[in-house]
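What follows is a set of notes on a single structure, which appears directly below.
Please treat every number below as a calculation from the coordinates, not as lab data. As the structure is a computational prediction, the values presented were derived from the model and not from experiment. As a convention, Cβ positions derive from the backbone with ideal geometry for all residues, glycine included, and neighbour counts pool all protein chains shown.
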Amino acid sequence: MTAPGEPVRSARTNRTSAVDADEAIAGTTLSVLAGMPEWWARRAAAAGLTGRWLEVGWAVSAQMPDGLDCVRPTNLTDRSAAEIGDAYTASLNTTERARHGRHYTPAPLAGELWAMAKRALGWKRPQALHGVVRDRACGAGALLLPVLRDHLGAAAKVDAQLALAGLPNHIVGIDNDPAAAWLANVLLAAEMLPVLARTERARRRPLPALVAVADGLAEIEGQSLVEIMNPPYGRVKLEDTERMRFADYVYGHANLYGLFMAAGLEALQGDGVLAALVPTSFLTGRYFEKLRDAITKRAPLRAIEFVEDRDGAFEGVLQETCLASFSRTRPRRASISTLNGHVTDVAMVSTPRSATPWLLPRRSDDAPVAVAAATMPLTLATAGWRVSTGPLVWNRRKGDLRAASSDRTVPILWAADIDGGTVHRDPARDDMRYLVLRGDDERVLVLAEPAILVQRTTAPEQSRRLVFAPLTRELLDGWGGRVVVENHVNVVRPAATPLFEPLLDATTLGRLFATMTIDRVLRCLTGSVAVSAYELESLPLPSADAIATWAALGGSAFERAISAAYRPASQ
């Protein structure tokens with residue numbers, strides 16, 4: 001999920017040591033932490049406690065950060081736990097947040113994710129935990145707050161002191177940031193105050209710390225009833241030992257959030273549930289093939305809610321965001337919903353059972369298309385077409401870009417040149433229209449055959465996800481017979497297999513791409529505004545016999561035939 005050109009981190013250097021994280025505390029961050037003792041004292045007093053129970057350093061069994069008495073505290077008097085967690089994350093400098101993929105979880109999303117976990121467990125109402133709920137990257141503890149409230153609401157009815165003492169056996173948080181861990185421990189302990197106040201004075205003990213400072217990806221003994229997470233994200237470089245450990249989950253590049261999901265899957269007990277707030281890129285990308293395969297085998301998808309309003313969650317990231325639950329009890333059906341202030345049901349679909357991209361509708365009217373496409377026997381690749389990404393990474397060849405042609409240059413085709421369905425020369429690119437060829441460029445970069453060009457990145461507000469233009473022989477000749485395609489464009493060509501002709505010709509494929517039905521299928525297939533070569537090759541197609549009838553159809557008859565093909569048989 002890193003942006004193009006963003007440095008690739010190693011998994012170890014990304015997971016900051018406790019010393020490094022502690023040294024990062026400064027300025028407004030320390031000021032937020034310094035406001036917590038007064039906030040705690042007011043909360044404890046409101047619960048009816050007095051004396052040393054008003055001192056957070058004594059009342060909570062967690063080490064306070066140093067230096068809190070040296071800065072002016074932020075006034076947190078009227079802030080909720082969720083608002084304080086937000087304030088702490090916002091106080092970190094932008095570089096720190098980006099470097100470590102830190103982000104906060106809005107309270108509504110935290111509550112909904114726990115609700116999904118309970119539904120996956122089959123719970124009809126809140127109840128005391130009979131196993132461990134663990135968050136491996138808990139930050140300020142937002143995801144553990146609703147868990148703690150439910151558990152205490154049920155367990156403390158019998159014996160309040162025993163309920164408090166037993167909490168570390170049921171709720172576990174981990175974070176590599178000591179300041180965030182302390183903050184989480186205080187916020188979680190504040191939820192225990194009413195229960196502590198009901199406990200006999202003689203039986204009161206300092207409140208337990210539920211969050212430890214550690215590496216959330218370290219192997220952990222013991223299994224979990226629920227692994228709940230809003231993990232850090234970003235592309236990482238794995239050391240050899242880590243690549244071996246995650247070999248069943250990682251194909252090619254590794255992303256931190258995928259590693260956290262893998263670690264969570266590994267730790268689930270027999271009836272366990274993984275509940276995660278993550279980008280939707282794991283649903284389709286090639287790099288997540290192994291993770292999808294492991295999910296289908298270990299804990300298949302139970303439910304997914306696509307988050308339409310992503311304010312504060314994964315800010316600055318183009319991918320969609322989702323809440324997803326996965327169950328070891330192997331459900332046969334998965335519920336699909338959208339979340340934008342309230343949950344809107346979209347569809348029930350068969351639980352994905354393979355590593356191929358998961359076709360999941362984002363809207364209820366796309367559900368029939370997704371259901372039909374998921375059962376189709378062919379893909380664009382198996383129908384005889386291959387897709388590649390334009391090979392020119394222009395910012396690596398800035399010195400070779402020219403505004404005028406010469407006998408050493410070849411014209412460049414940019415994504416802007418294929419807007420509107422026809423290949424044209426966008427004036428905005430005229431200053432970088434030609435590339436000087438060097439070395440092996442002729443073989444590696446030059447396209448000298450007809451193709452269909454597809455934009456790799458579209459804007460969220462565009463009406464179509466599939467923006468394309470045919471590069472016919474006539475058009476190619478008009479550009480001099482040879483072009484170089486920039487890497488924000490996909491190139492779709494017949495597969496180089498002399499014994500096999502594609503099941504549909506270039507003209508028919510272009511007409512297929514132009515239909516709204518195929519655009520809807522692609523929207524069910526891709527989780528971002530990006531359209532990858534992998535996803536295009538995975539585009540579902542019906543049988544060869546059905547495809548063979550398309551070429552002879554014209555106008556509205558062609559549109560109707562495509563629409564009918566992507567309709568469930570029962571309709």
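Can you pull the one-decimal nm distance between simple spin-label points at THR497 and VAL444, each 7 Å off the Cα toward Cβ? Reported label-point gap for THR497 and VAL444 is 2.8 nm. Rg and Dmax of the stretch 9-358, based on Cα coordinates, read 19.9, 61 Å.
DSSP finds beta bridges in the chain, and of those with both partners inside it, around 65 percent are antiparallel.
A dipole drawn for the chain from +1 and -1 charges on Cβ atoms has a positive end, and of VAL387, VAL278, GLY554 the residue lying farthest that way is VAL278. In the chain, a dipole from Cβ-located charges (positive for Lys and Arg, negative for Asp and Glu) runs towards its positive end, and of PRO368, THR105, GLY48 it is GLY48 whose Cα lies farthest in that direction.
With only Lys, Arg, Asp and Glu charged, each at its Cβ (+1 for the first two, -1 for the last two), find how big the charge dipole of the chain is about the Cα centre; round to the nearest 20 debye.
Value, rounded to 20: 1160 debye.
From helices alone, the chain scores -9500 deg cm²/dmol at 222 nm; the rule is -39500 (n - 2.57) for each run of n ≥ 4 DSSP H residues, then divide by the residue total. Axis angle, to the nearest 10 degrees, between helix 555-565 and the longest C-alpha principal axis of the chain: 40 degrees. If you line up the long axis of helix 289-298 against the longest principal axis of the chain, both from Cα atoms, how many degrees apart are they, to the nearest 10? Compared with the principal axis, the helix lies near 50 degrees. Angle of helix 178-198 to the longest C-alpha principal axis of the chain, folded into 0 to 90 degrees and rounded to 10: 50°. Each of THR89, THR389 was scored by other Cβ atoms within 10 Å of its Cβ. Arranged with the fewest first, they read THR389, THR89.
For LEU268, the residues whose amide H sits under 5 Å from its own are SER224, ignoring neighbours fewer than 5 places away on the same chain, with H placed 1.01 Å from N. Shown for TYR104, TYR251: other C-beta atoms within 10 Å of each C-beta, ranked fewest to most, produce the order TYR251, TYR104. Sorting HIS151, HIS424 by the number of Cβ atoms found within 10 Å of their own Cβ, with the fewest placed first, yields HIS424, HIS151. Magnitude of the charge dipole for the stretch 426-468, about its Cα centre and with charges confined to Cβ atoms of Lys, Arg (+1) and Asp, Glu (-1), is about 200 debye. Residues of the stretch 108-136 with an amide N closer than 20 Å to a point placed 7 Å from the Cα of ALA165 along the Cα-to-Cβ direction: 128-132. Given +1 at the Cβ of Lys and Arg, -1 at the Cβ of Asp and Glu and no other charges, the dipole of the stretch 385-565 around its Cα centre is 320 debye to the nearest 20.
Sequentially through the stretch 238-243, phi angles give Karplus couplings (6.51, -1.76, 1.60; θ = phi - 60°) of 8, 6, 4, 5, 5, 5 Hz, Gly and Pro residues having no value and appearing as x.
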